[in-house]
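Asker: So that we are looking at the same thing, I have put the structure below in structure tokens.
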Amino acid sequence: MDQNTSPTEKKNRSSTGLLLLVVLLLVSNVVMLWMLMQRNKEVELGQQKVEAVISEKDNVTVMLENMLASYDTLKTDNEQLTSEMELQKQQIEELLDKVKRGTYSLAKAQKEAGTLRTIMKGYVVTIDSLNQANQALTAQNVGLTQELGEVIGQKDALSTEKAALEGKIAKGAVLHTTAMSAGALYMRNNGKQVDTDRAKKAEMVKCCFSLGQNSVTEAGDKTLYMRVISPDGTVLPTSEGAKRFQFNGVEGNYSSKRDVNYQNQPVDVCIFWTGGEELRTGQYIVEIYEAGALVSKANFDLK
């Protein structure tokens, strides 16, 4: 049967087989090209996914690191807030470690980072409010301190003024005398008092004066003390012995005293010393005191 096949038929069959082979090769090349293109697309998508994951990881890492840096700048004296912020920093550090090691879901990490960031912003607002309140209190305290200083200054000034006024009143309340005289006396047999400048004759000391008008001092009974200081500097004692009183801030002896009813008008007064002690020659000083203040003084000599 093959022997009867003509050369033309053989040639046609050969061409047909070659054509089929070419077609098959073309189809296979197209298929391979399509598969290669698909593979390239898959590789490109894979690279994009990897790059997206890396970018997301970097974003979460940067967010967490920025939060840590922000916490380092938050300062407060509130111990409770400080303790809470330290716990938040620990959570951020733990989450950052998981993200860097790639052992944690980025989606969860991003969600937790957002929550931690919201909490941190709350602390920022709270601390800012506390700082503003502290500044306001500080300013108020400064103002109160200044006002207190002014009040204290005014009080000191008033105290000084009051003390000065009291000093003037006290000084003005002291009685003063006019026409004061002092000297020694002796008694004649007929009982008459006679002035003498002889020490041997002298038996008593007399001091007379007029209390001047004074509307500042309080009216009423006034006790006048007389001190007679002898030439040797001692105070002649009373007839009852040494008697003491307060004057010029100290305590000392007086020689005699007398109560006078003073009604802010001039009044004549005489005070006598009758101690019975023999007087010596020299200068004697006589001082009159009332309410511890010196009213007046005079002196006389005995030969």
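The values are calculated or read from the model by the stated rules, or taken from the named source; none is laboratory data. The model shown is predicted, which means the values in this text are computed figures rather than measured ones. Cβ: placed from backbone, ideal geometry, glycine included. Neighbour counts: every protein chain shown.
Asker: Considering each of VAL286, VAL295 in turn, give the residue that is modelled with pLDDT under 90 and either surrounded by 18 or more Cβ atoms within 10 Å (Cβ to Cβ) or closer than 17 Å to LYS200 by Cβ (or both).
Answerer: VAL295
Asker: Another question, then. State whether the residues of region 266-274 include one that is closer than 20 Å to PHE300 by Cβ, touching an Asp or Glu at 6+ places or on another chain (Cβ under 8 Å) and not charged (D, E, K, R).
Answerer: Scanning region 266-274, I find at least one residue that is closer than 20 Å to PHE300 by Cβ, touching an Asp or Glu at 6+ places or on another chain (Cβ under 8 Å) and not charged (D, E, K, R), so the answer is yes.
Asker: Given the conditions (1) under 60 Å from the mean Cα position of the chain (by Cα); (2) within 23 Å of ASP195 (Cβ to Cβ), which single one is not true for PHE272?
Answerer: (1)
Asker: Specify the residue that is surrounded by the most Cβ atoms within 10 Å (Cβ to Cβ); the eligible residues are those in region 250-267 that are over 11 Å from THR223 (Cβ atoms) and in contact with a Leu (Cβ under 8 Å, 6 or more places away or on another chain).
Answerer: SER255
Asker: Can you report the number of residues in region 247-280 which are of a type in the set (S, T, N, Q) and part of a strand (DSSP E or B)? I'd like the intermediate steps shown before the answer.
Answerer: From region 247-280, those of a type in the set (S, T, N, Q) are 248, 253, 255-256, 261, 263-265, 274; that's our starting set.
The next check asks that each one be part of a strand (DSSP E or B); those that pass are 253, 256, 261.
Residues that pass the stated criteria total 3.
Asker: Going through region 102-155 one residue at a time, which ones are surrounded by fewer than 11 Cβ atoms within 10 Å (Cβ to Cβ), without any contact (Cβ under 8 Å) to a residue 40 or more places away in the chain and outside any helix (DSSP H, G or I)?
Answerer: THR103, the sole residue that qualifies.
Asker: Still on this model: Could you list, in sequence order, the residues of region 202-213 that are assigned to a loop (DSSP other than H, G, I, E, B) and either under 15 Å from LYS297 (Cα atoms) or modelled with pLDDT of 90 or more (or both)?
Answerer: ALA202, GLU203, GLY212 - these are the residues of region 202-213 that are assigned to a loop (DSSP other than H, G, I, E, B) and either under 15 Å from LYS297 (Cα atoms) or modelled with pLDDT of 90 or more (or both).
Asker: Within region 163-175, does at least one residue satisfy the condition of being exposed (fewer than 11 other Cβ atoms within 10 Å of the Cβ), in contact with a strand residue (DSSP E or B) (Cβ under 9 Å, 6 or more places away or on another chain) and either at pLDDT 90 or above or assigned to a strand (DSSP E or B) (or both)?
Answerer: no
Asker: Is it the case, given these coordinates, that LYS98 is in contact with a Phe, Trp or Tyr (Cβ under 6 Å, 6 or more places away or on another chain) and either at pLDDT 75 or above or of a type in the set (Lys, Arg) (or both)?
Answerer: Yes: the conditions hold for LYS98.
Asker: Could I ask something else about it? Can you find even one residue in region 231-249 that is touching a Leu at 6+ places or on another chain (Cβ under 9 Å) and farther than 19 Å from ALA291 by Cα? I'd like the intermediate steps shown before the answer.
Answerer: The first filter runs over region 231-249 and keeps only residues touching a Leu at 6+ places or on another chain (Cβ under 9 Å), leaving 231, 236, 247-248.
Now restrict to residues that are farther than 19 Å from ALA291 by Cα: 231, 236.
So far as region 231-249 goes, yes, one or more of its residues are touching a Leu at 6+ places or on another chain (Cβ under 9 Å) and farther than 19 Å from ALA291 by Cα.
Asker: Right, something else. Search region 216-230 for residues that are of a type in the set (Asp, Glu) and pair each with any residue that is assigned to a strand (DSSP E or B) when their beta-carbon atoms are under 8 Å apart and the residues are at least 6 apart or on different chains.
Answerer: Listed by first residue and then by second, the contacts come to ASP221/ASP259; ASP221/VAL260; ASP221/ASN261; ASP221/TYR262.
Residue-by-condition table, conditions (1) in a strand (DSSP E or B); (2) assigned by TED's automatic domain parsing to the domain that holds VAL269; (3) modelled with pLDDT of 90 or more:
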residue	(1), (2), (3)
LEU185	yes, yes, yes
ASN190	no, yes, no
LYS200	no, yes, yes
SER215	no, yes, no
THR223	yes, yes, yes
PRO231	no, yes, yes
PHE245	yes, yes, yes
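Asker: Moving on to the next point. Does region 16-24 contain at least one residue that is surrounded by 10 or more Cβ atoms within 10 Å (Cβ to Cβ), more than 23 Å from GLY102 (Cα to Cα) and either among the basic types (Lys, Arg) or modelled with pLDDT under 65 (or both)?
Answerer: Looking for residues that are surrounded by 10 or more Cβ atoms within 10 Å (Cβ to Cβ), more than 23 Å from GLY102 (Cα to Cα) and either among the basic types (Lys, Arg) or modelled with pLDDT under 65 (or both), one finds none in region 16-24, hence no.
Asker: Restricting attention to region 173-221, report how many residues are more than 19 Å from ARG280 (Cβ to Cβ) and charged (D, E, K, R). Quick ask: steps written out before the conclusion?
Answerer: Taking region 173-221 as the starting set, the residues that turn out to be more than 19 Å from ARG280 (Cβ to Cβ) are 173-181, 187-194, 208-221.
Keeping just the survivors that are charged (D, E, K, R) gives 188, 192, 218, 221.
Going through region 173-221 one residue at a time, the tally reaches 4.
Asker: Looking at this structure, is LEU87 surrounded by 11 or more Cβ atoms within 10 Å (Cβ to Cβ), at pLDDT 80 or above and of a type outside the set (Ser, Thr, Tyr)?
Answerer: Here the answer is no, as LEU87 does not meet what is asked.
Asker: Evaluate the following for ASP58: is it surrounded by 11 or more Cβ atoms within 10 Å (Cβ to Cβ), part of a helix (DSSP H, G or I) and either modelled with pLDDT under 80 or charged (D, E, K, R) (or both)?
Answerer: Taking the combined requirement at face value, the residue satisfies it.
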